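FYI, it's all coordinate maths here, none of it is from the lab. In this text, all values refer to a predicted model and were calculated from it rather than measured experimentally. Cβ placement follows ideal geometry from the backbone for every residue including glycine, while neighbour counts extend to all protein chains displayed.
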């Protein structure tokens, strides 16, 4: 299926090389070009206490990434912010039935979607 689609795309681009530019009718659909999906992505550190979100991505170095994976931080998992400590202190989050404390700097590297 994918090979057939790629073959059709290759034949299309060879026969119509201008189709790769936005001047061609294929790319001139204003509804598609101007449509931007609503951006509801934010970091875990920006959530308010009581909010529930879904983990979208984890942008950390390999060591911290592996440690977070071991604690249950996986893409697609729901996470709840329980509370924030004052003066940029740690955040208490809940994944499933597990409560975890994270530094604010670490929480800022986790992208979530509400």
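Brief remarks follow.
- Considering only the Cα atoms of region 66-106, their convex hull presents on average a projected area of 2.9 nm².
- Computed label-point distance, nm, for sites residue 43 and residue 78 using a 7 Å Cα→Cβ extension: 2.5 nm
- Highest mean packing first, where packing is the average number of other Cβ atoms within 10 Å per residue, the peptides 102-110, 58-66, 89-97 line up as 102-110, 89-97, 58-66.
- Calculated FRET value between residue 56 and residue 86, using beta carbons and R₀ = 30 Å, to 0.05: 0.65
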